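So the structure is just underneath, and the comments pick up after that.
None of the figures in this text is laboratory data; all of them are computed from the coordinates on show. The shown structure was predicted, so the numbers you read here are calculated from the model rather than taken from an experiment. Cβ: placed from backbone, ideal geometry, glycine included. Neighbour counts: every protein chain shown.
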Amino acid sequence: MKIPSLISVEALPMYRLRLQFDDNTTGLVDLSNLAGKGIFSAWDEDNLFSRPYINEMGTVAWNELIDIDLLNAYLTIKNTTFEAWKQDVLSHASD
């Protein structure tokens with residue numbers, strides 16, 4: 001079971017990202033709860049948050065140390081739980 005691939009990422013004000021996946025899922029993820037905490041405090045240095053990219057693992061990153069959990073971001077956009085998503089994927093696998 002594989003999460004759809006991320007095809008674009010755009011940084012928005014107030015620590016939000018617009019993500020687009022190859023299954024036509026597009027939406028916003030609010031990361032403001034992470035801002036200023038631990039490693040994420042680097043987002044405020046040199047306006048780093050405004051420069052996300054898709055790394056070689058296919059997730060959103062800002063440098064070699066900072067990335068986010070893509071599955072969690074996808075589920076947030078889909079407004080679903082992992083269990084519900086898994087069930088949906090498995091039910092369509094036999095189609």
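Worth a mention:
- Within the chain, the ratio Rg/Rh, alpha carbon atoms throughout and Rh by Kirkwood, equals 1.01.
- Based on Cα contacts under 8 Å between residues 6+ apart, the chain shows a relative contact order of 22 percent.
- Estimated FRET transfer efficiency (residue 87, residue 20; beta-carbon r; R0 35 Å; 0.05): 0.90
- Eligible lysines near residue 86 by straight Cα distance, threshold 18 Å, same-chain separation 8 or greater: 2, 78
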